[in-house]
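Read the structure below first, then the notes.
All of the numbers you see were taken from the coordinates with simple rules; none came from a lab. Fair warning: this is a prediction, and the values are worked out from it, not measured in the lab. Backbone-built Cβ (ideal geometry, glycine too); neighbour counts: all protein chains shown.
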Amino acid sequence: MIKEDMRFISNLSFTTLFLLGFLGLFIGLSAYTFYYAQGASYLSNDPKACVNCHIMREQYDGWQKASHHAVATCNDCHIPHEPLSKYVTKLKNGFWHSKSFTFQDFHEPIRIKPQNRTVLQKNCLHCHGEFVSQIATHPGNDRQMLDCIHCHKSVGHGPG
């Protein structure tokens, strides 16, 4: 009975050490990746954070030439303004952007996803809602919202 208890404890210790080692390796690699990818910069409002990954260079360069350059950053247009939604969206986008960049499985040219397009539309109306309130919907029974980006796609990222 004592030998069986000792074997159980020995196996338990080996399993525990293995799992702790694996967890430590995972945490270490995750921390290094976050450091290497300049992950903390994504929590800022600095547009240069968006070019940490090289595939966004064209969008960043276009933004510098666009009409909104002096009044809006990437976050002003592409991230919700409510604190919780803001960081949840940053977390989700950061994960999917880093995954797509790492595995090179993104569409060229880059396309905005429907959920992010909705955020962009809401942010257009956040700043310009009063100005466009009389023309922001299609006439008819359903009063469907007009898509700002359809006509004004060069506003954020310049002509292209």
Protection proxy (average C-beta count within 10 Å per residue), highest first, orders 90-102, 22-34 as 90-102, 22-34
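When the chain is fully extended, how far beyond the present Cα-Cα distance does Ile112 get from Ile27, taking 0.36 nm per residue of separation?
Gain on extension, Ile112 to Ile27, equals 27.5 nm.
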Computed lengthening from Tyr87 to Lys48, 0.36 nm per intervening residue step minus Cα-Cα distance: 12.3 nm
Got a sec to turn the phi values of the range 90-107 into Karplus ³J(HN,Hα) couplings, 6.51 cos²θ - 1.76 cosθ + 1.60 with θ = phi - 60°, whole Hz, x for Gly and Pro? 4, 5, 5, 4, x, 4, 5, 5, 5, 5, 5, 5, 4, 9, 6, 10, 9, 6
